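The values are calculated or read from the model by the stated rules, or taken from the named source; none is laboratory data. Bear in mind the structure is a predicted one, so any value in this text is a computation, not a measurement. Virtual Cβ from ideal backbone geometry, glycine too; neighbours counted across all protein chains shown. Heads up: the accessible areas ignore ligands, DNA and RNA and are worked out on the full protein's heavy atoms, side chains in. Shrake-Rupley method; radii C 1.70, N 1.55, O 1.52, S 1.80 Å.
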Amino acid sequence: MDVKLSQSSWFYMDIKLDFGENCDNSSLLMGVKQFKYAVFLALKTMHGDVGCAIPVDILKYDEKQRRAFIRIPSREVTKVWNSLLLFSSYEGLECMFRVYKVSPVLACLNMNSRLYNHKLSSNCS
């Protein structure tokens, strides 16, 4: 019997665009289009026209925190991740993308083992 591991064609990332403590976050409201444009700029800056051709889908976006779940092709994970980490300026303001989680399974982005309450089982034998 042959066992084949399925290769996911997509990867999912939990990212946030952070302008730091020096900026007033309430005045920096950014819609989903502006956020996607910032991701696009990061890809274009790092990889030029090749980076612009990488499909990036925003699945969930929080406007107040400028945090999103994005979907990218699995073969482009390294390019996207590097582009986001090296991005440093949006419209003249210093900023950075924070990458919280990366996974081939979308459901894993919502999991947080730090919030889980572990209970000791007294009936172990």
request  = Filter the range 44-67 down to the residues that are among the aliphatic types (A, V, I, L, M) and either surrounded by 14 or more Cβ atoms within 10 Å (Cβ to Cβ) or not in a loop (DSSP other than H, G, I, E, B) (or both), then identify the one that is modelled with the lowest pLDDT.
outcome  = Val50
ask   = Scanning the range 1-38 for residues that are assigned to a helix (DSSP H, G or I) and out of contact with any Phe, Trp or Tyr (no Cβ under 8 Å at 6 or more places or on another chain), which turns out modelled with the lowest pLDDT?
value = Ser26
request  = Give the number of residues within the range 88-112 that are in contact with a Ser or Thr (Cβ under 7 Å, 6 or more places away or on another chain) and not aliphatic (A, V, I, L, M).
outcome  = 3
request  = Mind telling me which of the residues Glu76, Glu94 ends up being open to solvent by 60 Å² or more (accessible area, probe 1.4 Å) and out of contact with any strand residue (DSSP E or B) (no Cβ under 7 Å at 6 or more places or on another chain)?
outcome  = Glu94
